[in-house]
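Peer 1: Below you will find the structure I want to go over with you.
The values are calculated or read from the model by the stated rules, or taken from the named source; none is laboratory data. The model shown is predicted, which means the values in this text are computed figures rather than measured ones. Reconstructed Cβ throughout: ideal geometry from the backbone, glycine too, with neighbour counts over all protein chains shown. For the accessible areas, the whole protein counts, side chains as well, though only heavy atoms, and no ligand, DNA or RNA atoms are used. Shrake-Rupley method; radii C 1.70, N 1.55, O 1.52, S 1.80 Å.
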Amino acid sequence: MVSREVTSASAVKIRAEKGLLLCCTRTRVDPARAERIRVLASGELDWPYLYAAAVEHGVAALLYWHLRATCPEAVPTPWMEQLEAAFRQNVRRNLRLSAELFGILESFRAGGVAAIPYKGPVLAEQAYGNLAFRQFADLDIVVRQRDVATAHALLTALGYRADVDVQTVAQAAEGKIPGQYQFTREVRQSIVELHTEGTLRYFPTPLDLDGLSRRLEPVQLAGREILTFSIEDALPILCVHGSKHFWERLSWIADIAELAQAPQGVDWEVAVRRARELGAERMLFLGLHLANGLLDAPLPEEIRERVRGDPGIGRLAEQVRGQFVSKTRELPGAVQRAMFRVRMRGNVLDGLRYLVRLATAPTEEDWSGVRLGGRFWLLSAVLRPFRLLRKYGLGLVRGPAADLARYVPTPPRLVERMLALAEVNSSDVVYDLGCGDGRMVVMAAKRLGARGVGVDIDPRRIAEAQAQARAEGVEQQVKFLEQDAKTVDLSEATVVTLYLRFLGSAKLARELRARLRPGTRVVSRDGGISGWAAETTEQWREENGDAATLYLWRVGGASPAGSESEPAKSHAKAAPR
């Protein structure tokens, strides 16, 4: 389908689908904007592309809300149903994570751990005034570095599994501090990330948690009062986060736009001063410039004058806009990343110091191959720039970014059920796209005698999968490819397994249809495939009440059919418990 193009406020031609996203990414829509939404939604749109882009940018909830309010009749019924289902799922997830946050904060309070939740549900209420409007998949909590060991024990007692081992926690005094302390509760697909003054390394100046704690402000969340960063502190903190990730997601810009016009108002002089104290003044102004230019966030004239007075901010904003307008999401190379980091500081000398610190401060990825005891960081710091070059390349040829799904492990009983649903046996070759730690193909090999191929774009997951295969004694039956799943050769596959949700599966639909042989079975967890009607859909329920949906298709049969512009429909049956 050929999409129309529209012209944005900055006179850059963009696809009509992304123009519609920009119109809907806000909580307030005036009559002129509502009419623009109606015009765009009534035109010829690539609805699978629009849906995928909305989910990828974290704004599907706002897209649904405004389409429903302004022109529901213009949206094809299957896609309105899909958007509504995604909206309701988002609400359920947000409520569940809010409840988990309450439990964690209560546990921390009882254990003497001072904690500051931010982003996630508290930002949904603080900035958007509605828990349903913001998409998030994890809980972010700031604690002091000295409290990490206690927090680690408390979260473990609540049933979370730490991705960072206890030994690493104990080695913080030696400088061995990861990018975050991540915890996962598999059966509920919940992720908690602990951040400290040590892990938040992208701040030019270390966070003063004592000062931040004195300025916390209350937010009402599901009838409870939660303390989080004041708006004047939250704005620069979130702008550092957006700059760290090159403002790749529209939702990060929306966070700034909504905070900038929060009902309680912003003391702009204080916000700018706090950003300056963090060394993040230009990061703040870039975030505000993007919020104003892309999402029409109103700003005081003195802030607009400061932005206009720095031509470097305009150039950086154009780079971000170009990234949004681009038809494909590309991974910035090492050179592009380095230049962006330097320019973010404004002053070249400060920028170079910032870049050198980031380029030589070891992270958990750097430790994995180094075993030097207490002085591990010396070699890690020297080798880190070379690892970054290997990971990102120079950027002369831009590579694809990981865009199908984030890593969330599937519980073993559910892995077993997915293999049973596909009727895997010793004659099969099982391809797991987005294999994570390799548990799917390892179980298929060990228990069923099948051969297996795991595909993942993350080298850390590939290393874990290879270690798992060796531990289970099936390394001769399986192999793992560090590759984009959209480009892998599937010619020998007889079974394909997925856990990519609808977004990732939608991006793979055409490739699967083109590359799989007739008769190949495809099993997916929690994600239909755009345009494919499932042969079987099972509702799986864990003993603790957590649920998952499994889909089965057979290539070449009646199931992978239908219009690619419509979501799949299917009949469900209950799965055994």
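Peer 1: Could you please find all residues in the range 182-196 being touching a Lys or Arg at 6+ places or on another chain (Cβ under 7 Å) and at pLDDT 90 or above?
Peer 2: F183, T196
Peer 1: Would you point out which residue out of V455, V495 is under 30 Å from G58 (Cβ atoms) and either modelled with pLDDT of 90 or more or open to solvent by less than 30 Å² (accessible area, probe 1.4 Å) (or both)?
Peer 2: Of V455, V495, the one residue that is under 30 Å from G58 (Cβ atoms) and either modelled with pLDDT of 90 or more or open to solvent by less than 30 Å² (accessible area, probe 1.4 Å) (or both) is V455.
Peer 1: Those residues that are closer than 29 Å to D30 by Cβ, part of a helix (DSSP H, G or I) and of a type in the set (G, A, S), I need them from the range 273-303; list them, please.
Peer 2: Passing the criteria: G287, A291, G293.
Peer 1: Here is a list: L45, L63. Which entry is more than 23 Å from R134 (Cβ to Cβ) and free of Cβ contacts under 8 Å to residues at least 60 places away in the same chain?
Peer 2: Only one candidate passes the filter, namely L45.
Peer 1: Scan the range 218-247 residue by residue and report those that are acidic (D, E) and open to solvent by 40 Å² or more (accessible area, probe 1.4 Å).
Peer 2: Residue satisfying the conditions is E225 alone.
Peer 1: Of the conditions (1) open to solvent by less than 20 Å² (accessible area, probe 1.4 Å); (2) within 28 Å of H241 (Cβ to Cβ); (3) assigned to a helix (DSSP H, G or I); (4) modelled with pLDDT under 95, R93 fails just one. Which one is it?
Peer 2: (1)
Peer 1: Follow-up question, since we're still on this one. Which of the following residues is over 28 Å from the mean Cα position of the chain (by Cα) and over 18 Å from A422 (Cβ atoms): E472, E482?
Peer 2: The conditions single out E472.
Peer 1: Do you know which residues across the range 103-118 are under 27 Å from A60 (Cα atoms) and free of Cβ contacts under 8 Å to residues at least 60 places away in the same chain?
Peer 2: Within the range 103-118, no residue meets the criteria.
Peer 1: Mind checking which residues of the range 98-141 are hydrophobic (A, V, I, L, M, F, W, C), touching a strand residue (DSSP E or B) at 6+ places or on another chain (Cβ under 8 Å) and more than 27 Å from A291 (Cα to Cα)?
Peer 2: L101, F102, I104, L105, F108, V113, A114, A115
Peer 1: So, L352, is that one open to solvent by 30 Å² or more (accessible area, probe 1.4 Å) and modelled with pLDDT of 70 or more or not?
Peer 2: Yes.
Peer 1: OK, next. For the structure I just gave you, tell me whether D432 is at pLDDT 90 or above and either assigned to a loop (DSSP other than H, G, I, E, B) or open to solvent by 20 Å² or more (accessible area, probe 1.4 Å) (or both).
Peer 2: no
Peer 1: So, in the range 1-58, how many residues would count as being at pLDDT 90 or above, part of a helix (DSSP H, G or I) and touching a helix residue (DSSP H, G or I) at 6+ places or on another chain (Cβ under 7 Å)?
Peer 2: Residues that pass the stated criteria total 19.
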